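**Q** Handing you a structure now.
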Amino acid sequence: MPNHDTEQSGNWRSIVGELRRRYLDALLMGAEDDAERVVREAMDAGTTEGMIGGEIIAPAMRVVGDLWETGAITVADEHLATQISTRVLMLQREAF
């Protein structure tokens, strides 16, 4: 007999993983509107404010930092990603 809690948890992790990937892609493209759209989708899906920050935005920013540290992106790219995330976090805070 399937465990629906486990299935739902796996589904939720998959959804959050996809949102995290799309958020990171938006940051790396400098696409503020896309980043905002991802966070709005997360809110519409019932994701908590803490989960959005801790499971979508923070991990994406860690990747941005790692990419900057290895020279894969420029400091300007890192600054833009930070600026976008700061703005998105402010919009998210207003929404919650």
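The values are calculated or read from the model by the stated rules, or taken from the named source; none is laboratory data. Just so we're clear, the structure is a prediction, and the values are computed from it rather than from any experiment. Side chains included, ligands, DNA and RNA excluded: accessible areas come from the protein's heavy atoms. Shrake-Rupley method; radii C 1.70, N 1.55, O 1.52, S 1.80 Å.
**Q** Shape verdict for the range 50-89, please, from the Cα gyration tensor: rounded (a/c under 1.5), prolate (a/b greater than b/c) or oblate. Each step should come with its number before you reach the end.
**A** Numbers: a/c = 4.59, a/b = 1.61, b/c = 2.86.
Oblate shape, in that a/c is at least 1.5 and b/c is the bigger or equal ratio.
**Q** Probe radius 1.4 Å, ligands and nucleic acids left out: which of I15, I56 has the largest accessible area, and how do the rest follow? Spell out each step's value before the answer.
**A** Values: I15 80, I56 0 Å².
From most exposed to least exposed: I15, I56.
**Q** Please compute the volume of the convex hull spanned by the alpha-carbon atoms of the chain and report it per residue in Å³. Display every interim value, and only then the final one.
**A** Values: hull volume 8.7 nm³, N = 96.
Convex hull volume per residue, Cα atoms: 90 Å³.
**Q** Something else: Give me the percent of accessible area attributable to carbon and sulfur for the chain, probe 1.4 angstrom. Could you put the intermediate results ahead of the total?
**A** Numbers: 3260 of 6060 Å².
It is 54 percent, rounded to a whole number.
**Q** With the contact rule set at Cα under 8 Å and sequence spacing of 6 or more, what percent relative contact order holds for the chain? Can you show the working numbers first?
**A** On the way: 68 pairs, mean separation 30.5, N = 96.
It comes to 32 percent, rounded to a whole number.
**Q** On to the next question. Rounded to the nearest 10 degrees, what's the angle between the helix 4-29 long axis and the longest principal axis of the chain, both from Cα atoms, 0 to 90?
**A** Helix 4-29 sits roughly 10 degrees off the main axis of the chain.
**Q** For helix 75-95, what angle does its Cα long axis make with the longest principal axis of the chain, in degrees from 0 to 90 and rounded to 10?
**A** 40
**Q** How much accessible surface does L91 have with a 1.4 Å probe, in Å² rounded to 10?
**A** Number for this one is 50 Å².
**Q** Further question on the same structure: What ranking of I73, I52 comes out by heavy-atom accessible area, probe 1.4 Å, highest first?
**A** Details: I73 25, I52 0 Å².
The most accessible residue leads, giving I73, I52.
**Q** I've got another one for you. Taking the Cα centroid of the range 8-27 and of the range 63-96, what is the distance between the two, rounded to the nearest whole Å?
**A** Using only Cα atoms to place each centre, the spacing works out to 17 Å.
**Q** Calculate, in nm to one decimal, what A31 and E69 gain on full extension: separation in residues at 0.36 nm each, minus their alpha carbon distance. It would help to have the intermediate numbers written out before the result.
**A** Values: separation 38, 0.36 × 38 = 13.68 nm, distance 2.14 nm.
Value of the extension gain: 11.5 nm.
**Q** On a 0 to 90 degree scale, rounded to 10, what angle separates helix 32-44 from the longest Cα axis of the chain?
**A** In the chain, helix 32-44 runs at an angle near 20 degrees to the longest axis.
**Q** For M90, what accessible surface area do you get with a 1.4 Å probe? Give it in Å², rounded to 10.
**A** Accessible surface of M90 is approximately 110 Å².
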